[in-house]
Amino acid sequence: MTDFSKPQRMGFSAFLIIFIKALKGMIGAVSIYTIIIIIKSDFVWSESSTWWTILSWVGIIIGFALIAASAAYYSFKFYIKDGNLMFTHGIIQRLTTTIPLDKIHSLRTKQGLWYRLLDMRGIVFDTLASKGAEVELILDESDWINLKRLIDKEERPKAESENEPPPFNPTLIKKFDNIDLLKDALCQNHLKALVIVAGFIALVLEKLDDLIHDYIDAATDYTIQKWNEFSVSPTYILVALIILYMILLIISVGRILIRYYDMSLSYDSKFLSFNYGMISRSTNRFSYDKICTLWTKQNALEKRFKLSTLMLKQALNASAMKEEDKLKLYGADSSNFYLEWWLGKDYRDSEEIATAQSGRGVMMHSIIYWLLISLVATAILCYYHEYVFIAIPAILLIYSIIKGWCAMRRSKIILKDSHVEISNGIFADAKNYLKYHNIEVVRISRTPFTRFFHRVSIVLSTSGSSFSIKSLKEKEAEYIYEVILCINAQRTMDNA
């Protein structure tokens, strides 16, 4: 069993993966340039000099990739010392990176195609102090298991005395149904696909409009003739739009299926560890005491079929990834399982302390931006006598009104004796659950209109998320503000 106590390099298979990555980077960097050179040079593929040139380019690319991979591989060593994971790397400038094992907020692994063929696993460590991902370790399965045991041992609570056994933490397995994943993927917001279809319609209308203007001074019969040449049956247009939408829908659903296919969860009282992926297998581990927010969402379709979308949020720097890189849990509604694991089995019986509902200010906040844009767009269209297109800003304004009304109905904050619930959905019921000790900043925000309408906003911030609940009654907001401060002060005194 490897204990990682001495500085060591990763295995030879890790070198192959580093080389493949370097080779892909080299090919991507020179591919466009090479294509341009070939086109401009009028290469004759039958000539031997052409093939010698191509082979020379291939050799140069492979050579540079080997040099880059060797430099990265042989200069990199890692080991564990005094509860810290140590990395030494760099050629010209030798650097040492230290990560305390008990400060690791997120432990993520990935197994792409080459990783799986070589039976290797890439491990990425996220900490609160890091702006992004830490150095990636590429280990075989046995070394990964040994490293994970050492990290788990460091993170788990230690026994109070040598004679006292460590706490019992049974590991349980939970499987996710791929059929539920498919159904929930189909229930997601299809607005992006609709926007692309709308853009396609706008492009067609623009082309038709250009066609009319190009021939506006021509003879009437000639213009009609040209128009008929470009005219298409409304049925064909409708069928084309439906096909376009279905293609975009399949792409959207396919991305979710490929990424989250065959997901499984292993868990105990301290950790949640997810394993997922069709082509590239990934894992993502969450620690009980490092989760700052639990987010759940249910739209109308998800409610109808008893599905939900859920996300666990950690410290901002630990999860500062692209939106598509964040782990979202699609499928059957299992929010109660995660809430019971994180908040306690009796979280639903928690007594309500205070609540505040947002007012019309949320609606006005949503409308004002689109109102200004609509007025400007309408003025421009009227100036150019394009009265038909005034319908577009009018539709956008109506959409903003509906959006604002839905946001106003769903926006509220509830304080319970064990946690805080923040609702901030628009077309779906979205809730954020926070523990009091995770709230780092709470403040009341007033505007010049507060003196007239007595409405304010409350801002709550954790290490990984921030929420603004707008247009609350001033007295209700002040009471909530005081309650949160008192609860946190009491908890601080109890812990001291």
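The figures follow:
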{"quantity": "Förster-model FRET efficiency, 30 Å R0, LEU241 and MET311, C-beta, rounded to 0.05", "calculated": "0.40"}
{"quantity": "Calculated FRET value between ASP119 and ILE67, using beta carbons and R₀ = 41 Å, to 0.05", "calculated": "0.95"}
{"quantity": "FRET efficiency estimate (nearest 0.05) - Cβ-Cβ, TYR288 to ILE145, R0 25 angstrom", "calculated": "0.70"}
{"quantity": "1.4 Å probe accessible area per residue over segment 267-390, in Å²", "calculated": "52"}
{"quantity": "Kirkwood-Stokes translational diffusion coefficient of segment 258-367, alpha-carbon pairs, 37 °C, 0.692 mPa s, µm²/s", "calculated": "201"}
{"quantity": "Peptides 60-66, 262-268, 329-335 ordered by average Cβ neighbours within 10 Å, highest first", "calculated": "329-335, 262-268, 60-66"}
{"quantity": "Net charge, ILE367 excluded, C-beta distance under 12 Å - Lys, Arg +1, Asp, Glu -1", "calculated": "+2"}
{"quantity": "Probe 1.4 Å, accessible area per residue of segment 457-496, Å²", "calculated": "54"}
{"quantity": "11 Å beta-carbon shell around ARG281, net charge (K/R +1, D/E -1)", "calculated": "+3"}
{"quantity": "Point-to-point label distance, TYR384-VAL441, nm (Cα→Cβ direction, 7 Å offset)", "calculated": "4.2"}
{"quantity": "Overall dimensions of segment 366-496 by Cα: Rg and Dmax, Å", "calculated": "19.9, 72"}
{"quantity": "Inter-probe distance in nm under a simple model that places probes 7 Å from Cα toward Cβ, at ASP494 and ASN189", "calculated": "3.7"}
{"quantity": "Dipole of segment 351-496, positive direction: furthest Cα of ILE392, SER465, ILE484, with charges on the beta-carbon", "calculated": "ILE392"}
{"quantity": "Spin-label pair SER418/MET364, simplified geometry with 7 Å Cα→Cβ offset, distance in nm", "calculated": "4.0"}
{"quantity": "Rh by Kirkwood over Cα pairs, then Stokes-Einstein D for segment 386-450 at 1.002 mPa s and 20 °C, µm²/s", "calculated": "144"}
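The values are calculated or read from the model by the stated rules, or taken from the named source; none is laboratory data. Worth saying up front: this structure is predicted, and the values here are computed from it rather than measured. Backbone-built Cβ (ideal geometry, glycine too); neighbour counts: all protein chains shown. Side chains are part of the model used for accessible areas, which takes the heavy atoms of the whole protein and leaves out ligands, DNA and RNA. Shrake-Rupley method; radii C 1.70, N 1.55, O 1.52, S 1.80 Å.
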